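Following: one structure in structure tokens, then a few remarks.
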Amino acid sequence: KALVGQDKIRTVCTYCGVGCNLEVSVKNDTILSIQAPWDAEVNKGHTCLKGRYAFSFYNHPERLQYPMIRRNGHLERVSWNEVYDFIAAKLSTIRTEYGPNAIAGISSSRCTNEENYLMQKFIRAVIGTNNIDGCARVCHSPTAIGMQRAFGTGAATNSIEDIKFTDCIMVIGANPTEGHPVTGAKLKQFAMKGKTTIVIDPRRTELAKYATHHLQLRPGTNIAVLDMMLYYIIKEGLTNKDFIEARTEGFAAFKDSILNINLDQLEGVSGVPREQVRAAAIAYASANSAMSFHGLGVTEHYQGTFTVMQIANLAMITGNVGRRGCGVNPLRGQNNVQGMADMGVQPYQGAGYFDVTNPDYNRMYEEFYGVNIPIEIGLTIPQMYNAALDGKLKALWIMGEDLVQSDPNTTKVIKALESLDLLVVQEIFMTETARYADVILPAASFLEKEGTFTNGERRIQRVNKVVEPLGETKADGQIMVEMMNRMGYDQAPYTAKGVLEEIARIVPFFAGVKWDELGKQGKQWPVAPDGTDTKILHTDTFKRGKGQFFFREYIESPEIESFQQDYPYILTTNRVLEHYNAGTMTRRTPNVNIVDEDLLLIHPEDAGRHNIAEADWVCIESARGKVDIRAHLSDEVKPGVLSTTFHFPELMVNLVTSDVHDSEAKCPEFKVVAVRIRKA
Ligand code: SF4
């Protein structure tokens with residue numbers, strides 16, 4: 001108790017993957033303010049303006065507060081009992097008529113580990129299908145696959161505190177100043193001291209302005225630049241032979257492929273002069289410790305998974321793995337992206353990343369869940385849209401995801417949702433997706449429930465209830481358990497602690513995670529049964545044994561191949577500091593007074609060519625659709641490249657984005673969209 005009648009309750013920020021600790025002052029079930037605790041290892045007294053000020057959505061008048069069922073075209077208020085009966089009857093009918101694979105679930109990194117675990121368990125053990133996927137599909141799914149192939153583990157190798165111990169930082173495809181502000185501030189301080197900082201990004205981001213090296217490549221050519229860096233490291237004799245010999249495999253063939261790249265071609269397609277690449281390569285390889293960070297500018301590409309693997313190659317070839325101050329460190333866009341994947345929200349891996357097609361693991365899951373578990377891989381989110389449009393997918397349950405606003409090719413997404421017999425949306429607001437729902441389940445926000453989030457450095461932290469759930473809302477975990485039991489499964493009444501105990505018995509790297517022992521700082525997985533946690537992965541060995549080198553040559557995106565003749569500009573999408581993804585929460589806070597619209601960044605030369613002035617309306621058009629947006633002239637982008645955000649439904653920029661996907665993980669290529677422009 002800090003003040004008379006006022007509590008201070010510690011919890012974890014719901015926005016980005018930094019996972020800042022928050023200290024919430026609350027009185028009479030009302031939040032007064034949010035502070036940043038100084039004793040938090042993650043943020044040590046700092047937050048950004050999202051974590052500290054963007055909380056008033058929790059009691060916003062537009063919160064969904066009771067269950068609803070669509071009847072005669074209108075959503076009608078019903079009781080929880082009625083809505084559970086309705087869903088159970090509909091799902092049972094669909095399963096009997098079309099089989100369990102006609103049903104799918106989409107989970108959310110907005111939700112806790114316990115809730116994600118329950119959602120995938122509901123789909124697998126109660127419905128009987130592996131059709132479970134999550135929003136990581138549209139962000140970091142290539143990271144999970146790429147790092148698993150290289151190292152055996154799809155998670156950050158190091159901790160954020162390692163920034164203090166590194167000599168070189170490489171940030172590729174990320175703008176941490178805006179997307180991950182507390183980590184971004186640490187990176188900016190590093191760069192401002194003049195330390196070796198390499199930024200690989202089509203935009204001259206704030207970090208790029210302070211960097212010693214900025215490789216301003218054409219969007220979609222990360223592999224071309226990384227190939228060139230690897231070429232110069234080998235040519236200059238800067239490889240770490242001891243590390244390669246002792247810890248890796250596949251290097252000889254990899255080296256041959258790299259030495260055979262066509263430098264002229266890669267320099268041409270990337271637009272980055274080879275001498276700039278060579279200088280950055282030498283800087284990275286010469287550092288005692290070099291640490292890389294990557295974001296969605298790496299993953300949201302046709303070659304996203306291969307780019308992640310190429311970043312891993314760069315770390316391995318220079319021996320920058322398994323030590324303090326180095327490694328490969330994905331910057332997770334959402335608070336619990338890591339945890340969602342850990343809990344098995346993927347159609348090909350269950351809780352703990354076990355392959356669902358392996359008969360031994362299938363048996364293990366069957367014994368643990370006490371029912372038959374399917375052995376076939378399920379559908380990813382893009383495959384769910386296609387299956388819905390083909391009439392094969394009949395029911396979809398979406399927990400905490402606004403697909404209509406955040407997924408590419410909005411027109412196709414809407415058509416897919418409209419094709420379903422049953423769309424259940426579990427949400428805190430009437431999102432663009434919820435408008436198409438047959439059933440609405442009102443969920444509690446992060447401030448109204450307990451659980452754990454896992455941040456981008458594998459740190460499992462406790463989320464504590466600050467205020468009581470609004471109206472009739474319930475924690476997502478409670479909804480999942482009640483629904484499981486309504487459909488005949490025997491799941492214990494919901495408590496976050498109880499579900500975490502269950503998770504610790506099936507997920508090996510959670511073996512020593514105990515609710516009462518997480519304390520203020522949480523624990524970084526893997527957590528051994530005795531409770532010891534892990535700051536740095538791969539110190540002695542990789543999970544897969546030896547680190548694996550892979551080579552993949554640069555391939556032009558099909559989006560450019562197909563459309564660039566008629567649509568000569570490349571549009572990329574990104575985020576601003578003040579808003580968060582689809583803006584569902586931040587648009588309902590005072591942050592909207594700072595930024596209230598999406599803008600198009602356009603180079604002054606391009607603007608001049610089209611007679612476009614600052615703040616003019618511009619029509620951007622792709623092969624999928626068109627939108628009107630106001631221009632902001634900026635030389636942060638090169639001529640030929642445009643950039644915008646996707647926070648406001650009034651714009652709905654995903655009407656123009658492409659449904660080209662990463663060839664491996666099926667992550668959409670938001671970062672390369674062929675468009676044309678004209679003054680609107
Ligand atoms: Fe929240 Fe990320 Fe900001 Fe920290 S940096 S307060 S986790 S949004």
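No lab work stands behind these numbers, since they all come straight from the coordinates. Computed from a predicted structure; not experimentally measured. Every residue, glycine as well, gets a Cβ built from its backbone with ideal geometry; the counts of neighbours run over all protein chains shown.
Measure out, as a whole number of angstrom, how far apart the alpha-carbon centroids of the stretch 402-427 and the stretch 48-102 sit. The distance from the Cα centre of the stretch 402-427 to that of the stretch 48-102 comes to 14 Å.
In plain terms, the residue of Trp515, Trp617 with the fewest other Cβ atoms within 10 Å comes first and the most crowded comes last, giving Trp617, Trp515.
Using 0.36 nm per residue and subtracting the Cα-Cα separation, the extra length available between Thr357 and Glu605 on full extension is 83.9 nm. Once you list every other residue whose beta carbon is under 14 Å from the beta carbon of Glu664, what net charge do they have if Lys and Arg are +1 and Asp and Glu are -1? With Lys, Arg at +1 and Asp, Glu at -1, the net is +1.
In summary, the aspartates and glutamates within cross-link reach of Lys671, defined as a Cα separation below 14 angstrom excluding same-chain residues under 8 places away, comprise Asp201, Glu300, Asp407, Glu556, Glu559, Asp659, Asp662. Value of Rg to Rh for the chain, rounded to two decimals, is 0.95; Kirkwood radius and Rg both from alpha-carbon coordinates. Working from label points 7 Å from Cα in the Cα-to-Cβ sense, the Arg678 to Asn288 distance is 6.1 nm. Peptide packing: for 464-477, 586-599, the average count of neighbouring Cβ atoms within 10 Å per residue gives the ranking 464-477, 586-599, highest mean first. With the highest mean first, a sort of the peptides 238-245, 454-461 on other beta-carbon atoms found within 10 angstrom per residue produces 454-461, 238-245. Rounded to the nearest 20 debye, the dipole size of the chain about its Cα centre is 1140 debye, using +1 on the Cβ of Lys and Arg and -1 on the Cβ of Asp and Glu. Cross-link pairs exceeding 31 Å in C-alpha to C-alpha distance, out of Lys27/Lys121; Lys392/Lys666; Lys497/Lys546; Lys188/Lys523; Lys186/Lys523; Lys164/Lys546, comprise Lys27/Lys121; Lys497/Lys546. For the stretch 516-527, the Karplus equation 6.51 cos²θ - 1.76 cosθ + 1.60, evaluated at θ = phi - 60°, returns couplings of 6, 10, 6, x, 6, 9, x, 9, 8, 6, x, 10 Hz by residue, with Gly and Pro reported as x. Around the Cα centre of the stretch 143-331, unit charges on the Cβ atoms of Lys, Arg, Asp and Glu (plus for the first two, minus for the last two) sum to a dipole of about 420 debye. Angle of helix 304-317 to the longest C-alpha principal axis of the chain, folded into 0 to 90 degrees and rounded to 10: 60°.
If you plug the beta carbon distance of Arg52 and Gln189 into 1/(1 + (r/R0)^6) with R0 = 22 Å, you get a FRET efficiency near 0.70.
Helix 80-98 and the long axis of the chain differ in direction by around 70°, with both axes built from C-alpha atoms.
In sequence order, the stretch 18-34 has phi-based couplings of 5, x, 4, 7, 10, 10, 9, 8, 9, 9, 6, 6, 10, 7, 8, 6, 10 Hz under the Karplus curve 6.51 cos²θ - 1.76 cosθ + 1.60, θ = phi - 60°, and Gly or Pro positions carry x.
Counting only DSSP H runs of at least 4 residues, each contributing -39500 (n - 2.57), and dividing by the residue count of the chain, the helix-based mean residue ellipticity at 222 nm comes to -8500 deg cm²/dmol. The packing ranking, built from the mean of other Cβ atoms within 10 Å per residue, places the peptides 544-556, 250-262 in the order 544-556, 250-262, highest first. Report, in whole Å, the centroid distance computed from the Cα atoms of the stretch 526-582 and the stretch 440-471. Rounded to whole Å, the Cα centres lie 26 Å apart.
Applying the criteria of a DSSP loop state and at most 16 other Cβ atoms within 10 Å to the GluC sites (Glu not before Pro) of the stretch 324-426 yields Glu376.
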